[in-house]
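Written below as structure tokens is the structure these notes are about.
Readers should treat all values here as calculations from the given coordinates under stated rules, not as data from a laboratory. The structure displayed is predicted, hence computed values, not measured ones. For neighbour counting, all protein chains shown are included, and Cβ atoms are generated from backbone atoms with ideal geometry for every residue, glycine included.
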Amino acid sequence: MTETTNEHPDLESVSLDSPQFEVAAKNIKRTEYVTFGSFIISLIGFAAFGAAYTQNSPNYVFGLTIGIGLFFFGFGLVSWGKYLMPQGPFSEPRPLMETTEKEKELLKADFTSRGKVAIKRRSFLIKAMAAAGGVFGIVAAFPLIRSLGPLPKNSLMTTKWRKGSYLTTIYGDRVKPSDMEVGGILTVFPEDDLGSAISQTILLRVQESGKVVTMPGREDWAPDGFVAFSKVCTHAGCPVGLYEHLEQLLVCPCHQSMFNVKDGAMPIFGPAPRPLPQLPIYIDSNGYFRARAGYDEPIGPGFWTRGGTA
Amino acid sequence: MIDAIYNWIDNRLALSKSGRHLLNKIFPDHWSFMIGEIALYSFIVLLISGIFLTLYFIPSSATVIYHGAYKPLDGTHVSEAYASTINLTFAVRGGLFMRQLHHWAANIFIGSIVVHMLRVFFTGAFRRPREVNWMIGATLLILAIFNGFLGYSIPDDLVSGTGIRIAFSILESIPFVGTNLAFFLFGGNYPGTDIIPRFFILHVLILPLVILGLLAGHLGMLVKHKHTQFKGRGARNDNVVGSPLWPNYAAKAGGFFFLTTGVTAILAALVQINPIWQYGPYVPYKVSYAVQPDWYMGWLDGALRVMPSWEIHLPGHMIPNVFFPGILLPGVTFTLIYLWPFVESKFITHDYSEHHLLDRPRDNPLRTAIGSAVFAFYFVLFGASATDVLANYLQVSLNVVLWTFRIACIVIPIIVFPVAYKICLELQAAPGAGKRKRHMIIVRDEEGAYHSVDSEEYAGYTASELDPVDIEEVDLQPEIAVLTNSADTGDDGVYRVPR
């Protein structure tokens, strides 16, 4: 083994007259005062924080006092380190990240020569171990992943809206036509799913009276100037909460998709790719709004297992 | 007394042997090397303020009726998570300050990671031998962004809840596994009741642990490789020039830690951030106007907005619209970031050698131009996350704003690329360096043609920054002798491991 020798000068043996040991400050006295001053300000800041805390001062006082304390503590340290310590430059050697052929060989030899005896001759053991370990790796994932939640099954395809469901407010009150003026907008739910993120539906009064036909084939879906659409945006699932009555546009506040109510909530602007599904509604003999059927397609944004219908 | 304690420890760990080596470790000086330090120090602030917050936060989506210090919400039905956040804000002494400190530190943490990454990119610090450390850094950025999102999601306020809804939509858009993945993470169909406790444990334990581990690897590799440095002042590929750890760097870096925390604390004191009591509790059918995520998610939100309304329909399946901006874009982005060191050495520089001296951005115009163009693309996307705010502010139609951004995110990078390239070439051509840069002088000859000639050098200025300048070297510590002897088998037949 080579003896480590001290051939290079170290800190003690370098003359203090060396230019590297000068400090960077031009006016040393002034820099000392500034450094000293910032530690004093820091001290005052920390002390003030303590006082403020006992007095239960407002939060901005806590933050300001401790912030000033920390900042000037740091300022003092930096000015000390930057201006009042030897400015250098100093250097140290940097070994490159390369190894000699010989070093590589030695490691390889250590690995394989022992391996020939200990590992290579018994390759069937390796295979058996790998098989056991591999199966463990796979089955270990079952409880870790599978237990996390139920399979989606049909739950993304349907809502709680059924034939005959009453349209009710968030408080559970059934809705009737006289509850809303023209241009009005109300979020409704089925009675058994109040406040639901999935079943939320928006009921609009777009005109005074008469059927609203948003699309051919939907002649009986929207009585007396009322029309109902799913409130879940078909883009990224935000609630489509804004309604511009003059242009009869539903607007999603998240990414500004716009849906044309008169045209079956067809998206006319923004990233939404599909119209909002329309809920077919009617007014029953007691004058309450009810669903003719549930939605005829999955509501909300697309997902991988959704059918391909546009 | 101190001597006795030190001796006791030293006799058990032999600190004196390696300790001197550590004290003399050299750190190169350049302001841009401090950006990564800001990230490190912000992370420490995050850990400390985060521990404070966990003492009061209740990660539960169970509904409670709020009765507490914040009177406007009195009597409303809110989740326990939201109620406890309001409570720690208003009823715990210093709670609001700690919350704002945590949130500001998170923004500074991610911001400084991004700027640090840009510094490393444009100076070529990712080149061999640091490719793996570059990839660790990119992973840290991904984890930091994820953890930031989880963090602002768990108070269960109206804005964050909307973000969680969008996250569910993006998850379920992933081909093959998306629907199941979303259900497994949320414990069922949206909104479920599991998401707050799950996000919480990811946010406060699992991701911080992974970040800590990777951070240790990041810094460990930095110690092993030693720091990169800019050319000049005696810097060579096989040395490190700067100031020693003790006392210079310790004072400067230690001081910088306090400067960082001090500025963060002052921001937290004076600038309000994430006032969830104003947003109100999350209600699935409500949404507030001008919904924006935290800034580091802005490029994704912008991408969601500018994406045209396309979807791919397959028999029985579909690839939804949000897959392209929400999964494909970040996937491609980070794949490119991971692969860049290899792409560059294979296709651009054909240089596979070890580099410890940094490029200036102008030294590699193609890299700088590509980096600038790509960054410009993401910057435009970031701007696009404010389409609605801009349309309101500028009093123009949303349509105009959206199309401006759709066009800009393609056109602006195409403009930035040649401009950045040309600037690099111009800078290369200018003689001198740094503040001593001299302009070309344009002269007109007798025939009316123009020529540019070098201006005179400044008096007393002799060296160009690019040339290594020899300095009188002071090695603080002798080189450690490289072990050369190999393993040998002694006469006694005992195999000796060389040390």
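When each of the peptides A:229-239, B:264-274 is scored by how many other beta carbons lie within 10 Å of its residues on average, the order from highest to lowest is A:229-239, B:264-274.
Between residue A:222 and A:212, A:281, the built amide H atoms are under 5 Å apart, and every one of these is 5 or more places off in sequence or on another chain.
Annotation: amide H-H contacts under 5 Å for residue A:94 (H modelled 1.01 Å from N, sequence separation of 5 or more, or interchain): B:239, B:240. Look at the stretch A:72-84: the mean tally of other chain Cβ atoms within 10 Å of its residues' Cβ atoms is 6. Counts of other chain beta carbons within 10 angstrom of each beta carbon in peptide B:299-309 average 4.
A crude spin-label estimate for the pair residue B:13 and residue B:31, with each label 7 Å from Cα along the Cβ direction, gives 3.7 nm. Per-residue ellipticity at 222 nm for chain A, helices alone: DSSP H runs ≥ 4 residues times -39500 (n - 2.57), over residue total, nearest 500 deg cm²/dmol? When only DSSP H runs of four or more count, the value is -10000 deg cm²/dmol. Given a Förster distance of 45 angstrom, what is the FRET efficiency for residue A:43 paired with residue A:103, based on the Cβ-Cβ distance and rounded to 0.05? E between residue A:43 and residue A:103, to the nearest 0.05, is 0.25.
What is the mean number of Cβ atoms from other protein chains located within 10 Å of the Cβ atom of each residue in peptide B:23-32, rounded to a whole number? If you can, show how the numbers build up before the last one.
Numbers: counts 1, 4, 1, 7, 1, 2, 4, 0, 0, 0.
Across the residues of B:23-32, the mean count of other-chain Cβ atoms within 10 Å is 2.
In this structure, residue A:266 and residue A:146 have a Cβ-Cβ separation that, at R0 = 51 Å, corresponds to a calculated FRET efficiency of about 0.80. Pairs exceeding a 22 Å alpha-carbon distance, out of A:102/B:17; A:104/B:224; A:231/B:286: A:102/B:17.
Note on region B:46-119 and region A:113-190: Cα centroid distance 29 Å, given to the nearest whole angstrom. Using R0 = 30 Å, the C-beta based FRET efficiency linking residue B:219 and residue A:129 works out to 0.30. Per-peptide packing, taken as the mean over residues of other Cβ atoms within 10 Å, places A:246-254, A:172-180 in the sequence A:246-254, A:172-180 from highest down. Centre-to-centre, using Cα atoms only, region B:341-373 and region B:382-428 are separated by 26 Å. Counted by neighbouring Cβ atoms within 10 Å, the residues B:8, A:304, B:295 run from fewest to most as B:8, B:295, A:304.
Whole-Hz Karplus values for region B:206-217 come out as 5, 5, x, 5, 5, 4, 4, x, 5, 4, 4, x Hz, taken residue by residue from phi with 6.51 cos²θ - 1.76 cosθ + 1.60 and θ = phi - 60°; glycine and proline positions read x. Once backbone amide H atoms are built at 1.01 Å from N, residue A:243 has A:251 as its partners under 5 Å, excluding neighbours fewer than 5 places away on the same chain. For region B:383-396, backbone phi angles converted through the Karplus equation (6.51, -1.76, 1.60; θ = phi - 60°) give residue-by-residue couplings of x, 5, 6, 10, 3, 5, 5, 5, 4, 5, 5, 8, 6, 10 Hz, Gly and Pro being listed as x. Converting phi to 3J(HN,Hα) with the Karplus coefficients 6.51, -1.76 and 1.60 and the offset θ = phi - 60°, region B:313-326 yields 9, 10, x, x, 9, 8, 10, x, 3, 5, 4, 5, x, x Hz in sequence order, with x at every glycine or proline. Extending 7 Å from Cα along the Cβ direction at residue A:153 and again at residue B:351 yields two label points whose distance is 6.2 nm.
For chain B, averaging the sequence separation of C-alpha pairs within contact (under 8 Å, six or more residues apart) and dividing by the residue count gives a relative contact order of 18 percent. Dividing the summed -39500 (n - 2.57) terms of all DSSP H runs of n ≥ 4 by the residue count of chain B sets its mean residue ellipticity at 222 nm at -17500 deg cm²/dmol. Extending 7 Å from the Cα toward the beta-carbon at both residue A:55 and residue B:128 defines two label points whose distance is 6.4 nm. Hey, quick one: spin label on residue B:397, modelled 7 Å out along Cα-Cβ, who in region B:285-323 has an amide N within reach, i.e. under 14 Å? Within reach of a label on residue B:397, which here means backbone N under 14 Å from a point 7 Å along Cα→Cβ, region B:285-323 contributes nothing.
Pairs from the list B:346/B:422; A:176/A:262; A:176/A:211 with a Cα-Cα gap above 19 Å: B:346/B:422; A:176/A:262.
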